[in-house]
Amino acid sequence: MNETVLEIKNLSKAFAKNKVLEGIDLSVKKGSVMGLMGENGAGKSTMMKCLFGIYAKDEGHISLLGKPVNFKNPKEALESGVAMVHQELNQCLDRTVTDNLFLGRYPTNLGIIDEAKMLKDSINLFASLNMNVNPKTVMRTMSVSQRQMVEIAKAVSYDAKIIVLDEPTSSLTEREVQSLFKIVRDLRAKGVSFVYISHKMDEIFEICDEVSVLRDGKMIMTKAIKDTDMNELIAAMVGRSLDKRYPDVDNVPGADYLEVHKLSTKFDPVLEDISFTVKKGEIFGLYGLVGAGRSELLEALFGVRTIASGGISLNGKKLRFKDSRDAMEHGFALVTEERKLNGMFGKDTIEFNTVITNLPSYKSRGVLSKKKMKEAANREIKVMRTKCVSPDELITALSGGNQQKVIIGKWLERQPEVFLMDEPTRGIDVGAKYEIYQLIIKMAKEGKTIIVVSSEMPEILGITNRIAVMSNHKLTGIVNTKETDQETLLRLAAENL
């Protein structure tokens, strides 16, 4: 099948004098998966927003099945058969799966919403996709991966000819990734085309037919997957060769520092009898399948989740946090998994998001000093190498990776002793990931104690000293990173299932 479904020609877009896209060409064939790669800030999101009518393009033409299109908004694109599953899912979490599928297009019978038809159509849709989803389930009770499956099903229900997947596996386990890939392959065989945006090289080579690379708003290369390799892709993305995916983990952990003793939590999902010790200056990994309880454990350590029994000791002193503020006062910091939901203030600036957790430090004679706050924001922009126009820019104007850099910088301003990091490189490109790995190792060398959750097995093996594995809300084992392998981690992760 060589019929072209989507063709973008000479697409350009500028914001004031800042040229974000310049002369972009992209062609997607019917029944194929086009990988789209590029560092954060390369222009991938802007390009997709131009396609979906969120931004008005300055120049260029877009064709769908040979006919020129110029969508005014995402709804118009969706109704024309162009759908997008966003990395940060925008769903009505307190409504059911069925409600979310039919939002904005409820079928009616004599002027009344036909709920029986909605339910029947939902069941048939999931059956046709071999998805095990109960249409009556309330979205909030579902995992990120299940909610993502609903979005893909919704795209299919619109008879989408092309589906854009934006970092679709950033919160998925290996098993869930393979389930997603099966759905993509099944749909591809039926003639559906995909644009697959990802920073994960292994996935690009596994699922894509072609790959295009954006750098600084220009299309650097487009090649068939069989005609390229990882080194060429990295060089195209960052403009230089990146010899190693992970820096040397050369920190030397000190004495036992943070002890978690027989910790159990009160509310569902209940953690049971968790015990481990982390050394000062150690990078301690937490691995497990999605739903194993890793995020809940970090929340318990940070005072967000109620501890029913057991507890935490820091440097020999027993602690029982009343809330997250109490945890922060004792030198704890938490980078959450879903930055959009609970990691940042989306309607405010980079400066505001940088200083918000540490306001007393920026006072001068009892009054907040604009000068000190500006200095703090500029300091973290420099340290984190955040790509932005100025500290006054809205954080939502940044790419996902640069938003994450602001969030990490916010905590660095507090100089925490214990850094809890939940999927810290989620949705971040290979160059920025490397910088964050270097930062984690640097903090460990300075004596910071770091607990990092990751669903990416190569990452957890690449940047830690030891790894604790969780399964079904229990700890199933702790291994030395240098003495373990992927097979051991998978076996421990499946122990209580």
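The values are calculated or read from the model by the stated rules, or taken from the named source; none is laboratory data. The structure displayed is predicted, hence computed values, not measured ones. Heads up, the Cβs are rebuilt from the backbone with ideal geometry, glycines too, and the neighbour counts pull from every protein chain shown. Note: accessible area is taken over every heavy atom of the protein model, side chains too, but ligands, DNA and RNA are not part of it. Shrake-Rupley method; radii C 1.70, N 1.55, O 1.52, S 1.80 Å.
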Would you call Arg185 touching a residue at least 12 places away in the same chain (Cβ under 8 Å), of a type in the set (Lys, Arg) and more than 21 Å from Met84 (Cβ to Cβ)? no
Any idea which of (1) open to solvent by less than 30 Å² (accessible area, probe 1.4 Å); (2) on the phi > 0 side of the Ramachandran plot is the one Leu286 doesn't satisfy? (2)
Based on what the data block shows, is Ser143 within 20 Å of Val82 (Cβ to Cβ), open to solvent by 20 Å² or more (accessible area, probe 1.4 Å) and not acidic (Asp, Glu)? no
Filter the range 308-346 down to residues that are buried (at least 19 other Cβ atoms within 10 Å of the Cβ) and at pLDDT 90 or above and give me whichever is nearest to Thr277 (Cα to Cα). Ile312
Mind checking which residues of the range 215-233 are modelled with pLDDT under 90, part of a helix (DSSP H, G or I) and among the charged types (D, E, K, R)? Glu232
Only one of Gly254, Gly217, Gly281 is closer than 26 Å to Thr481 by Cα, buried (at least 17 other Cβ atoms within 10 Å of the Cβ) and of a type in the set (Gly, Ala, Ser); which? Gly281
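Applying the selection to the range 174-209, what residues are in a helix (DSSP H, G or I) and touching a Cys at 6+ places or on another chain (Cβ under 8 Å)?
Across the range 174-209, there are no qualifying residues.
Would you confirm, using the coordinates I've provided, whether Met149 is free of Cβ contacts under 8 Å to residues at least 40 places away in the same chain, open to solvent by less than 40 Å² (accessible area, probe 1.4 Å), within 22 Å of Ile428 (Cβ to Cβ) and outside any loop (DSSP other than H, G, I, E, B)?
no
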Restricting the range 221-232 to residues that are open to solvent by 40 Å² or more (accessible area, probe 1.4 Å) and touching a residue at least 24 places away in the same chain (Cβ under 8 Å), which is farthest from the chain's Cα centre (by Cα)? Thr222
Could you count how many residues in the range 70-95 are open to solvent by 40 Å² or more (accessible area, probe 1.4 Å) and farther than 20 Å from Ser45 by Cβ? 5
Checked against (1) within 30 Å of Ala42 (Cα to Cα); (2) small (Gly, Ala, Ser); (3) part of a loop (DSSP other than H, G, I, E, B), Ala236 satisfies every condition except (3)
Take the range 90-115 and flag every residue that is farther than 18 Å from Leu125 by Cβ and aliphatic (A, V, I, L, M). Leu93, Leu110, Ile112
Take the residues in the range 361-384 that are over 20 Å from Pro416 (Cα atoms) and not hydroxyl-bearing (Ser, Thr, Tyr); name whichever of them is most open to solvent (accessible area, probe 1.4 Å). Arg365
Yes/no for Ala155 being open to solvent by 20 Å² or more (accessible area, probe 1.4 Å) and either modelled with pLDDT of 85 or more or part of a helix (DSSP H, G or I) (or both): no
Given the criteria buried (at least 21 other Cβ atoms within 10 Å of the Cβ), part of a helix (DSSP H, G or I) and touching a Ser or Thr at 6+ places or on another chain (Cβ under 8 Å), does Ser212 qualify? no
Show me the strands (runs of 3 or more DSSP E) found entirely inside the range 34-134 where at least 1 residues are without any contact (Cβ under 8 Å) to a residue 24 or more places away in the chain and either closer than 25 Å to Glu210 by Cβ or under 22 Å from the mean Cα position of the chain (by Cα) (or both). 67-69
Looking at the range 368-385, I want the residues that are over 10 Å from Lys405 (Cα atoms) and without any contact (Cβ under 8 Å) to a residue 40 or more places away in the chain and have a partner that is open to solvent by 30 Å² or more (accessible area, probe 1.4 Å) and assigned to a helix (DSSP H, G or I) with Cβ atoms under 8 Å, at least 6 apart or on another chain. Which pairs are those? Leu368/Leu359; Lys372/Ser361; Ala376/Ser361
When restricted to Thr108, Thr98, the only residue over 29 Å from Ile428 (Cα atoms), out of contact with any Phe, Trp or Tyr (no Cβ under 6 Å at 6 or more places or on another chain) and open to solvent by less than 20 Å² (accessible area, probe 1.4 Å) is Thr98
Can you name the residue in the range 17-61 that is open to solvent by 20 Å² or more (accessible area, probe 1.4 Å) and among the aliphatic types (A, V, I, L, M) and is also farthest from Leu6 (Cα to Cα) among such residues? Val20
Checking the conditions here, which among Ala494, Ala444 is of a type in the set (A, V, I, L, M, F, W, C) and within 19 Å of Lys244 (Cβ to Cβ)? Ala444
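Let's see how each residue does on (1) hydrophobic (A, V, I, L, M, F, W, C); (2) touching a residue at least 12 places away in the same chain (Cβ under 8 Å); (3) in a strand (DSSP E or B); (4) exposed (fewer than 15 other Cβ atoms within 10 Å of the Cβ):
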position	(1), (2), (3), (4)
Lys442	no, no, no, yes
Gly447	no, yes, no, yes
Val452	yes, yes, yes, no
Ile460	yes, yes, no, no
Thr464	no, yes, no, no
Gly477	no, yes, yes, no
Lys482	no, no, no, yes
Glu487	no, no, no, yes
Arg491	no, no, no, yes
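Yes or no, residue by residue, for (1) free of Cβ contacts under 8 Å to residues at least 40 places away in the same chain; (2) farther than 24 Å from Asp392 by Cβ; (3) within 19 Å of the chain's Cα centre (by Cα):
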| residue | (1), (2), (3) |
| --- | --- |
| Gly288 | no, yes, yes |
| Ala292 | no, yes, yes |
| Ala300 | yes, yes, no |
| Gly303 | yes, yes, no |
| Asp323 | yes, yes, no |
| Gly331 | no, yes, no |
| Gly343 | no, no, yes |
| Val355 | no, no, no |
Please determine whether any residue of the range 391-403 is under 21 Å from Arg379 (Cβ atoms), among the acidic types (Asp, Glu) and open to solvent by 10 Å² or more (accessible area, probe 1.4 Å). yes
